[in-house]
Amino acid sequence: MGIARTLGRTLLAAIFIFSGLEVLAKPEGRAKAAKPVVDAVADVVPVTPRDPVTAVTINAIVHIGAGAMLAAGILPRLAALALATSMVPTNGMCQAGRGFCWY
């Protein structure tokens, strides 16, 4: 079971790492799609960034960092919590008037 768990963690982490790297390379497209969600969240939570590019970049950095931690097995539960929490605004962006989306 140890090999299967390690392989599964690594493969799951790879999705987040590569997605985060892709967003860091070209954040403008995702920032445009995220603008309604970023504006709505920024009105409710004052410490969040109002600039969509900044918000998308922070989300990408969380995906890369937590994905690397998950792949390496460093605090895997904390890394999984960070990834799951970061998916809330990502899914909110996809559902906010855009329907189901894949990037």
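Where a number appears in this text, it was derived from the coordinates with a stated rule and is not lab data. These numbers come from a predicted model, not from an experiment. Please note: Cβ atoms are built from the backbone with ideal geometry, for glycine as well, and neighbour counts cover all protein chains shown.
Remark: spin-label model distance residue 54-residue 91 equals 2.7 nm, labels positioned 7 Å along the Cα→Cβ axis. In summary, the chain shows an alpha-carbon radius of gyration equal to 1.13 times the 2.2 N^0.38 Å reference for compact globular proteins.
Only Cα pairs under 8 Å and 6+ residues apart enter the sum, and on that basis the relative contact order of the stretch 34-85 stands at 24 percent.
Largest GNM mean-square fluctuation among 44, 88, 23, using the chain with Cα springs under 10 Å: 44.
Annotation: the residues 30, 50, sorted from fewest to most other C-beta atoms within 10 Å of their own C-beta, follow the order 50, 30. Against the main long axis of the alpha-carbon atoms of the chain, helix 2-25 sits at an angle near 30°. Here the sum of -39500 (n - 2.57) over DSSP H runs of 4 or more residues, divided by the residues of the chain, equals -27500 deg cm²/dmol at 222 nm, to the nearest 500.
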